[in-house]
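The values are calculated or read from the model by the stated rules, or taken from the named source; none is laboratory data. Source: prediction; values computed, not measured. No Cβ is skipped: glycine too gets one built from the backbone with ideal geometry, and neighbour counts run over all protein chains shown.
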């Protein structure tokens with residue numbers, strides 16, 4: 001499918017009705033995807049969730065569920081560190097590889113100065129590269145790690161991320177004690193951590209390609225409406241990947257976005273149709289599947305723990321069992337801070353992706 | 001030089017007198033350095049500073065100096081974005097490479113959610129990988145970019161970072177309006193941005209190796225004393241690099257740390273002597289050289305703009321002119337947040353390094 005097929009749609013009658021024709025007419029092709037000749041294997045993984053996540057549809061696939069928000073710690077932030085530690089050490093353990101043989105830890109999270117990741121890196125004692133890509137941290141990490149392993153720089157790299165409902169609400173919106181009413185288009189930050197251990201050797205699922213996203217900002221500025229903000233970024237990166245790989249949506253068993261939620265993923269479907277790449281039943285969003293409709297999480301889950309837990313439980317389990325042979329995992333991140341929005345800025349978003357094959 | 005020479009010192013009579021013997025006795029060798037067969041070239045660079053930086057010893061090497069703190073913007077944060085934009089576009093321009101041919105932008109900064117970098121990435125329109133490593137962001141970026149270029153994934157990658165005295169003081173310590181008295185061991189966050197364009201081709205200085213640091217935390221928790229906190233991390237990474245490369249300090253024309261300042265670099269000298277790698281006259285610290293003694297900046301400069309501006313002006317100029325043939329650039333970062341310290345945590349630090357050769 002050629003990039004020119006992009007230009008077919010120009011009558012979007014939804015949220016971004018002015019933006020979509022502009023995108024289609026100005027879109028310039030850039031190569032954003034790289035391919036791996038020696039694709040690294042996923043040899044270890046672990047997903048840890050909170051109580052709400054444990055009760056949701058993905059709950060039974062999680063390796064560990066904590067039903068106390070602070071996990072016995074004094075602060076939510078320390079609980080977040082505990083979950084990330086648990087996922088990171090659990091992923092190493094599940095691989096059978098010794099901690100000393102893990103060459104690099106790539107991690108990031110939503111907290112200011114990605115402190116959860118850095119404190120876990122301190123305790124792990126593994127060389128560490130901190131990254132920040134909001135809720136697309138997991139896929140940025142997997143992309144960077146795959147590049148390093150494919151090139152033979154290291155043998156084993158651990159990627160991880162975490163989020164916590166209480167720390168994210170306090171930092172980005174209001175402290176929970178404030179009892180703020182949530183609008184119907186809001187999402188619920190997932191309390192959970194996911195970790196993946198990638199290796200040059202091993203027989204697990206392979207990462208065969210990675211796409212680095214561009215920042216896309218279509219002018220939204222509502223901190224409660226992340227899904228709508230991020231959908232155009234997901235579209236941009238998915239189109240780049242389809243073009244770079246010469247594939248269409250039907251060529252994948254599963255196309256997975258990170259945390260667009262119900263509203264955001266509906267918007268993405270419309271945008272992709274307009275762009276000439278309609279998404280079928282093989283498209284799902286982690287935020288849309290992590291909570292049940294009865295859990296009152298409105299549009300669904302968000303946060304970097306959202307796709308990290310779903311991918312490191314449900315999705316990779318089904319890749320390993322052979323149910324999914326080819327998965328495009330495109331997590332999505334909103335890169336604003338509370339301060340930047342208070343200062344009148346809009347929300348810049350990004351989506352990094354990796355292609356996982358059985 | 002063998003890692004066993006580490007064990008020779010055990011009578012440190014300074015700040016970390018209990019920590020150093022523990023480090024020396026427990027130190028385990030890990031390979032942290034990777035080498036490049038096709039080392040990328042530095043083909044473009046730009047350094048932008050504020051007024052104080054322009055007045056300092058490095059001032060005459062800066063490409064641009066702004067003497068108005070807000071650069072005509074409403075907020076310090078927007079001024080920070082302007083400086084980073086100027087450095088990023090200036091580095092591309094100085095290379096003669098077209099912006100469309102820059103494949104990836106790797107950047108990070110000190111602000112919560114690295115917003116300066118993300119807003120600049122939005123306006124540049126280049127695929128973007130956000131990183132966070134506090135004041136060692138520049139060297140982490142150069143390390144990641146060099147790995148990607150050496151492996152042939154991309155042709156040109158732009159690395160950049162920025163900091164601003166007013167935004168950093170407000171976020172990490174107190175707003176300037178509070179008029180807080182600074183202790184004598186404080187440093188001054190550099191107002192400045194630096195950008196480097198790396199390419200697979202070209203004839204500029206080469207990056208021949210990169211070292212990923214481990215997180216080191218020797219128990220300091222004073223947000224005003226960054227130099228002392230970061231010195232052990234610099235030591236850890238420098239020792240790893242000397243071991244991995246089979247070199248000694250004398251094998252380099254210049255060994256450069258990021259922003260330890262006067263106190264921090266004095267501590268590093270002592271630690272390195274104790275560890276068996278005494279640093280000579282070829283060791284300098286960017287924080288220690290960026291301000292003059294008459295500029296009342298106490299221990300000197302800090303912030304990720306500190307080493308980014310010094311390296312992209314004074315240091316690379318002298319590598320290009322042939323004065324320095326082999327430089328080890330190890331920026332240092334303190335990975336805490338104000339919140340983590342208020343919650344009783346100590347300051348985890350890291351140092352990533354690259355080897356630059358003429």
Failed item in (1) in a helix (DSSP H, G or I); (2) surrounded by fewer than 24 Cβ atoms within 10 Å (Cβ to Cβ); (3) more than 9 Å from every other protein chain (Cβ to nearest Cβ), with residue A:135 passing the rest:
(2)
Kindly establish whether residue A:42 is surrounded by 14 or more Cβ atoms within 10 Å (Cβ to Cβ), closer than 21 Å to residue A:321 by Cβ and at pLDDT 95 or above.
yes
Any idea which of (1) assigned to a strand (DSSP E or B); (2) outside the structural domain of residue A:291 (by TED's automatic domain parsing); (3) surrounded by fewer than 24 Cβ atoms within 10 Å (Cβ to Cβ) is the one residue A:209 doesn't satisfy?
(2)
Would you please list the contacts, defined by Cβ atoms under 6 Å and residues six or more apart or on different chains, that run from a residue in segment B:23-35 that is surrounded by fewer than 20 Cβ atoms within 10 Å (Cβ to Cβ) to a residue that is at pLDDT 85 or above?
B:31/B:244; B:35/B:209
Could you say whether any residue in segment A:226-248 is in contact with a strand residue (DSSP E or B) (Cβ under 6 Å, 6 or more places away or on another chain), at pLDDT below 95, buried (at least 17 other Cβ atoms within 10 Å of the Cβ) and under 27 Å from residue A:104 (Cβ atoms)?
no
Restricting to helices (runs of 4 or more DSSP H) lying wholly in segment A:279-358: which have 2 or more residues that are touching a helix residue (DSSP H, G or I) at 6+ places or on another chain (Cβ under 6 Å)?
A:286-289, A:304-310, A:338-342
Working only within segment A:144-157, note down all residues that are touching a strand residue (DSSP E or B) at 6+ places or on another chain (Cβ under 7 Å) and either at the interface with chain B (Cβ under 8 Å from one of its Cβ atoms) or surrounded by fewer than 24 Cβ atoms within 10 Å (Cβ to Cβ) (or both).
A:144, A:147, A:148, A:153, A:154, A:155
Can you spot a residue in segment B:170-193 that is buried (at least 24 other Cβ atoms within 10 Å of the Cβ), within 27 Å of residue A:216 (Cα to Cα) and more than 10 Å from chain A (Cβ to nearest Cβ)?
yes
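One line per residue, one yes/no per condition, for (1) out of contact with any strand residue (DSSP E or B) (no Cβ under 7 Å at 6 or more places or on another chain); (2) modelled with pLDDT of 95 or more; (3) surrounded by fewer than 24 Cβ atoms within 10 Å (Cβ to Cβ); (4) not in a strand (DSSP E or B):
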site	(1), (2), (3), (4)
A:72	yes, yes, yes, yes
A:81	yes, yes, no, yes
A:91	no, yes, no, yes
A:94	no, yes, yes, yes
A:105	no, yes, no, no
A:108	no, yes, no, no
